[in-house]
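The values are calculated or read from the model by the stated rules, or taken from the named source; none is laboratory data. No experiment lies behind these values; they were computed from the predicted model shown. So basically every Cβ, Gly included, is an ideal-geometry build from the backbone, and we count neighbours across all protein chains shown.
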Amino acid sequence: MKSLIIHETKKEKESLEYILKKNSQLTLVLVVSKAIDADIHVVVRLTGRGASVNVIGLVIGRGDNKITIHTEQIHEAPETTSNLLVKAVLFDEAEFAYGGIIRIEKNAQKSDAYQKNENLLLSGDAHVRSDPALEILTNDVRCTHGSTTGKLNEDQLWYLASRGIARSVAAQLLVDGFFESAIAKISDTISKEKIRRILWETM
Amino acid sequence: MQNTYKYNFRKPENYVFKSKIGLDQGVVENISARKNELPWMRQFRLRALRQFYRKPLPEWGGDLNPINFDNIFYYISPTDKKVSRWEDLPEEIRDTYDRIGIPEAEKKFLSGVSAQYESEVVYKSINAALQKKGVVFLDMDSGLREYPQIVKQYFGSVIPPGDNKFAALNSSVWSGGSFVYVPVGVHVDLPLQAYFRINAANMGQFERTLIIAEEGSFIHYVEGCTAPMYTTDSLHSAVVEIIVKKGARVRYTTIQNWSNNVYNLVTKRARVEEEGVMEWVDGNLGSKLTMKYPSVYLLGRKARGEILSIAYAGAGQHQDVGAKAVHLAPETTSRIISKSISRGGGRTSYRGLVQVYPGATKSKSKVVCDALLLDEASRSDTYPTMKIDEQDVTIEHEATVSKIGDEQLFYLQSRGIGKTQAESMIVNGFIEPIVKELPLEYAVELNRLIQLQMEGSVG
């Protein structure tokens, strides 16, 4: 079974849990962009051999938004795969906290897990907290995670300026590009467009 | 051969003074009185004791519940007077040191030896050239006696007793450790070295080290531990405070190989001022549980902190180690590299913090954690935390967890190298980037220890 879920957060507090049985595949896209405070907890359990999940989180924080995303990738069966990418762009005094854990249980041999959090700060008053954790209880696995936080690349802005593009427009292009690298992981074109539209409404 | 422990020998206990078992105000006052301390230090100890009682045990990290604070000797002094010549040491103590090779090392590499047998530094020799430069290298008790003003100014200034429960414990019962003072502009070319041993059943060791590097100075301090085996649990809880002044550089290297029943709970922190550089090189082998997170507080512009660590956990061991970099000034940089190895059901955890305060513009931090799991029963955790309250920064963290590559193993075996040897070659290659930062004799010893541990896994 193969499925794609686009989940746009509209409530302040949400708890989502997905259980993936044998050979099932899920792509979950989480979008938090409606300038609200949000506290989202996502749990994915890979309980059947060969199950695989792809989680994409896209966050835009504005004003004094306080956004928290907590994810759990729990590998309970062998040969399971999970990929996670959470990208946040923060304006104004927005606060974003990402907490995530990959847990590979004893019997989940030959699993492959990935977790990445990238944050782009567009204001000096924005705050980021990133806690990407790993708990690996067996050895025959591939498991990697990463986290980066920074501001817009000055070289790229300068390049665009040298081509006559105003700084505000250039910044917008770079932010689009920042999200686009995550959207590119979705294969369905219609869904891609839908996600871009949701993001555009907020920008 | 699960308990292959190279230095598994014990000397009969022959102590001059041993405080009564357990901890109360009387014990602390007794320690202070025996050392003829000034009132401020006695007050400091008693205040810390009250904080120790108030503070709860940390709820994160390893399992600390088996520690029975009422079943520990908090102070033992092995000999009454200090000696500065090797020949003057009691034969028994000399013999212990011969077995871990200190005199040899001293002849070849060291500019000063401060060997801690139990709670006090008993043997000390300082290169005359160092003394001439004005470098002070004393045990902490002598430092307090001879340089009370400097000690009073800095003692507890980087790690206040209330920092955590074990810092409070150390502050109330501390004994031994080193006091190092490097004057303005002085470069100490050879590493200063101190060895620590625990040799009494149920004895805690609470050494306290204070290093002050004045403007533009440089020092490399090396500390190594090999402790004998015990039947009951031992507690080691040290505090190391380092002050790196403007443009100074301090490197602090530790190789610890506690026996498998020691709780090693250490607080290490450095305050780094403008353009100062602090480097922690930390190797953790052995012990039952180690909780240690060397920290750098970057307070001045362009201050830099570097933390390199290796952790090895075998059967029944938990290494909960990591690093902390706190950026408080502009253009500060930090780099953390952690390598961990788990085998035979051992558990290694990386626990770290990178924090950037508002105003620490153009700060950069990079954290790389690599973990190697040698069998199905072992475990590896990574718990990094990043708190960023400044926009103009570059913060990166990455971690990987893997096993020994089948291809690498196959290649080496195809060249006629046995499996065990191939595995230890791969493990030694894995930690090589950090081992090459160690002084030569430590690098050799570490490689040998890893090899010993790996061989233990076959038998």
Sole miss for B:PRO330 among (1) in contact with a strand residue (DSSP E or B) (Cβ under 6 Å, 6 or more places away or on another chain); (2) surrounded by fewer than 22 Cβ atoms within 10 Å (Cβ to Cβ); (3) under 10 Å from B:VAL393 (Cα atoms) is condition (1)
inquiry  = Looking at the structure I just gave you, is B:GLY300 farther than 25 Å from B:ARG448 by Cα and either touching a helix residue (DSSP H, G or I) at 6+ places or on another chain (Cβ under 6 Å) or assigned to a loop (DSSP other than H, G, I, E, B) (or both)?
reply    = yes
The lone condition A:GLU105 fails out of (1) among the acidic types (Asp, Glu); (2) facing chain B (nearest Cβ under 10 Å); (3) touching a strand residue (DSSP E or B) at 6+ places or on another chain (Cβ under 7 Å); (4) more than 19 Å from A:SER147 (Cα to Cα) is (2)
Just one listed residue, out of B:SER414, B:SER378, B:SER363, is surrounded by fewer than 17 Cβ atoms within 10 Å (Cβ to Cβ), of a type in the set (S, T, N, Q) and out of contact with any helix residue (DSSP H, G or I) (no Cβ under 6 Å at 6 or more places or on another chain), and it is B:SER414
All conditions in (1) touching a Phe, Trp or Tyr at 6+ places or on another chain (Cβ under 7 Å); (2) within 11 Å of chain B (Cβ to nearest Cβ) are true of A:VAL59 except (2)
Those residues of segment B:306-323 which are without any contact (Cβ under 8 Å) to a residue 40 or more places away in the chain and closer than 18 Å to B:GLU398 by Cα amount to B:GLU306, B:ILE307, B:ALA311, B:VAL321
Restricting segment A:178-203 to residues that are in contact with a helix residue (DSSP H, G or I) (Cβ under 9 Å, 6 or more places away or on another chain) and under 17 Å from A:LEU121 (Cβ atoms), the one surrounded by the most Cβ atoms within 10 Å (Cβ to Cβ) turns out to be A:PHE179
How many residues of segment B:375-404 are in a loop (DSSP other than H, G, I, E, B), within 7 Å of chain A (Cβ to nearest Cβ) and either within 9 Å of A:ASN139 (Cβ to Cβ) or among the β-branched types (Val, Ile, Thr) (or both)? The answer is 3
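Which strands (runs of 3 or more DSSP E) does segment A:27-82 wholly contain that include 1 or more residues that are surrounded by fewer than 23 Cβ atoms within 10 Å (Cβ to Cβ), modelled with pLDDT of 95 or more and of a type in the set (Gly, Ala, Ser)?
On the way: elements: A:38-46, A:52-61, A:66-75.
Qualifying strands (runs of 3 or more DSSP E): A:52-61.
Could you say which residue among A:SER168, A:SER111 is surrounded by fewer than 20 Cβ atoms within 10 Å (Cβ to Cβ) and at negative phi? Quick ask: steps written out before the conclusion?
Values: A:SER111 fails: surrounded by fewer than 20 Cβ atoms within 10 Å (Cβ to Cβ).
None of the others qualify; the one that does is A:SER168.
Has segment A:117-124 got at least one residue that is more than 21 Å from B:GLU396 (Cβ to Cβ) and either within 13 Å of chain B (Cβ to nearest Cβ) or not small (Gly, Ala, Ser) (or both)? Working first, answer last.
Residues of segment A:117-124 that are more than 21 Å from B:GLU396 (Cβ to Cβ), as a first pass: none.
No, segment A:117-124 contains no residue that is more than 21 Å from B:GLU396 (Cβ to Cβ) and either within 13 Å of chain B (Cβ to nearest Cβ) or not small (Gly, Ala, Ser) (or both).
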Filtering segment A:142-164 for residues that are farther than 22 Å from A:ASP92 by Cα and within 7 Å of chain B (Cβ to nearest Cβ) leaves a count of 5
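Considering each of B:GLU432, B:GLU441 in turn, give the residue that is modelled with pLDDT under 85 and of a type in the set (Asp, Glu).
Values: B:GLU432 fails: modelled with pLDDT under 85.
The match here is B:GLU441.
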Given (1) closer than 30 Å to B:LEU373 by Cα; (2) more than 14 Å from chain B (Cβ to nearest Cβ); (3) of a type in the set (S, T, N, Q), A:ASN65 misses just (1)
*Has segment B:355-371 got at least one residue that is under 19 Å from the mean Cα position of the chain (by Cα), outside any loop (DSSP other than H, G, I, E, B) and among the small types (Gly, Ala, Ser)?*
no
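Only one residue in B:LYS108, B:LYS55, B:LYS82 is among the basic types (Lys, Arg) and either surrounded by 18 or more Cβ atoms within 10 Å (Cβ to Cβ) or modelled with pLDDT of 90 or more (or both). Which one? Break it down into steps so the answer makes sense when it comes.
Values: B:LYS108 fails: either surrounded by 18 or more Cβ atoms within 10 Å (Cβ to Cβ) or modelled with pLDDT of 90 or more (or both); B:LYS82 fails: either surrounded by 18 or more Cβ atoms within 10 Å (Cβ to Cβ) or modelled with pLDDT of 90 or more (or both).
Selected residue: B:LYS55, the only one of B:LYS108, B:LYS55, B:LYS82 that is among the basic types (Lys, Arg) and either surrounded by 18 or more Cβ atoms within 10 Å (Cβ to Cβ) or modelled with pLDDT of 90 or more (or both).
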request  = Could you check, for segment B:350-362, whether at least one of its residues is in contact with a Pro (Cβ under 6 Å, 6 or more places away or on another chain) and at the interface with chain A (Cβ under 7 Å from one of its Cβ atoms)?
outcome  = no
